[in-house]
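Let me begin by presenting the structure, written as structure tokens, before commenting on it.
Read the figures in this text as sums done on the coordinates, not as results from a lab. All of these numbers come straight from a predicted model, not from anything done at the bench.
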């Protein structure tokens, strides 16, 4: 396992290195706007399986993705309805994960056989810069063993995983806070699956502004 410090003076170089590690099928820990996440490139099946095994993640739990711009949605999502587009325009980039109909060829390590995919554009963070630089979807599952608290610093990531992961991109301690809110927008009616940084009340108020519902 290699630890790479993220500094203002080396950000461009670090981002380039991080994208290369993902293209090579490596598994890396990296800071998001809330916690540290574990990531790998979305379409390398062996790496996805390895990440599942490392996290000891139940097979029925899908793994979410981050992207750097909404133009990448057709790579992973079969369709995007009007409600989903409205949420995207209002809340992305930010702590809102949308559940969308998945592309048929998307790995079951991502969909867990649900036919759906969880995806977001993260808020201002290294994760956002990474997703923009990569220009391909990246796994963004929390850096913790299943059932443990998400890591807020590189030391905790090391304690959880040690040499089982390939790289840690370290920006220091993250204050944490609430995770992203998860909203299923695959049907005509939305379902809030997890209330997080965006409150249920905020979601309801936003829905009341839509004139096509």
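Just want to confirm a number: the relative contact order over the chain, from Cα pairs under 8 angstrom separated by 6+ residues, in percent.
It rounds to 31 percent for the chain.
Does the range 24-95 come out rounded, prolate or oblate, given a ≥ b ≥ c as the square roots of the eigenvalues of its C-alpha gyration tensor, rounded meaning a/c under 1.5 and, failing that, prolate meaning a/b above b/c?
Judged from the Cα gyration tensor, the range 24-95 comes out prolate (a/c at least 1.5, a/b above b/c).
Per residue of the chain, what 222 nm ellipticity follows from adding -39500 (n - 2.57) for every DSSP H run with n ≥ 4, rounded to the nearest 500?
-9000 deg cm²/dmol
Mind jotting down the distance between the C-alpha centroids of the range 138-162 and the range 31-84, whole Å?
The two parts, judged by their Cα centres, are 16 Å apart.
Work out how much length residue 2 to residue 59 would gain on full extension: take 0.36 nm times their residue separation and subtract the Cα-Cα distance, in nm to one decimal.
17.7 nm
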